Amino acid sequence: MQQLFVGPETARILRAGPLGEYVDGFVAALCQAGYALASINDKVKLAAQLGRWLENRGLVVGELDEERLCAFVRHRQRHYRSRRGARATLAQLLRHLRTRGAVALAVVSVKHGASARLEEQYLTYLSQERGLAQATLINYLPLVGRFLRDRFSSGPLRLGELKAQDITGFVLRRAHQMSPARAKLLVTALRSFLRFLFLRAET
């Protein structure tokens with residue numbers, strides 16, 4: 001973290017806290033994804049706040065999940081100035097911790113609806129038929145879910161109506177908000193998902 005301007009106190013809190021052993025890996029993953037140093041700096045400071053919150057409650061990293069992150073967000077809204085992208089950063093950190101095996105994978109089947117069922121079937125396809133690593137699954141699934149919500153909102157999944165311009169339009173709208181590496185991952189995930197739909201004769 002030497003190149004980050006997080007300050008010695010923030011660095012000390014991170015090193016000594018429950019997230020300490022995962023910070024360098026998180027920073028390295030962000031650098032590899034092409035995030036600017038200023039953005040990484042903000043994300044690391046947010047991780048420090050989360051680490052302090054966990055420590056004050058006697059919680060360990062393995063007890064983190066979406067519900068506890070929501071509780072932290074509510075706490076943060078009462079005690080800290082709101083920062084754009086905080087929820088996305090926390091979700092990103094949780095995914096990283098899951099790829100490292102520090103936090104258990106989310107149980108996808110707790111979600112409901114046609115979109116959730118399709119995502120669960122896609123997850124099974126990636127893990128059982130393609131044999132892909134958990135890290136790949138964790139990276140692909142949120143991007144595919146975002147595409148489905150963008151295209152179909154809360155309506156029925158009329159997959160047979162998907163057109164090339166739906167895909168390109170989604171990529172063009174999203175890619176400029178992402179680093180080049182993340183945009184490339186988005187395209188790869190969508191290509192994989194469309195192959196899955198084709199094999200199921202959905203498209």
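Things worth noting here:
- Rounded to the nearest whole Hz, the Karplus-based 3J(HN,Hα) values (6.51 cos²θ - 1.76 cosθ + 1.60, θ = phi - 60°) of the stretch 186-203 follow the sequence 4, 4, 5, 5, 5, 4, 4, 5, 5, 5, 4, 5, 5, 5, 8, 6, 8, 10, with x at glycine and proline.
- Each of L157, A16, V73 was scored by the projection of its Cα onto the charge dipole of the chain, and the greatest displacement toward the positive side belongs to V73; charges sit on the C-beta of Lys, Arg, Asp and Glu.
- Applying the Karplus relation 6.51 cos²θ - 1.76 cosθ + 1.60 with θ = phi - 60° to the stretch 172-183 yields 3J(HN,Hα) values of 5, 5, 8, 4, 5, 8, 10, 5, x, 5, 5, 5 Hz, where x marks Gly and Pro.
- Using alpha carbons only: equivalent-ellipsoid semi-axes of the chain, gyration tensor based, whole Å: 33, 18, 16
- Rounded to whole Hz, the Karplus (6.51, -1.76, 1.60) HN-Hα couplings of the stretch 47-58, x for glycine and proline: 4, 5, 4, 5, x, 5, 5, 4, 5, 5, 9, x
- Whole-number accessible area per residue in Å² for the chain, which is evaluated in the context of all protein chains at 1.4 Å: 57
- Value at 222 nm in deg cm²/dmol, rounded to 500, when DSSP H runs of n ≥ 4 in the chain each add -39,500 (n - 2.57): -21000 deg cm²/dmol
- Per-peptide packing, taken as the mean over residues of other Cβ atoms within 10 Å, places 191-198, 44-51 in the sequence 44-51, 191-198 from highest down.
- The stretch 150-202 and the stretch 25-46 have Cα centres separated by 26 Å.
The values are calculated or read from the model by the stated rules, or taken from the named source; none is laboratory data. Here the structure is a predicted model, which is why all the values come from computation and not from measurement. Counting neighbours? That spans all protein chains shown, and the Cβs are built from the backbone with ideal geometry, glycine included. These accessible areas exclude ligands, DNA and RNA; they are computed on the full protein's heavy atoms, side chains included. Shrake-Rupley method; radii C 1.70, N 1.55, O 1.52, S 1.80 Å.
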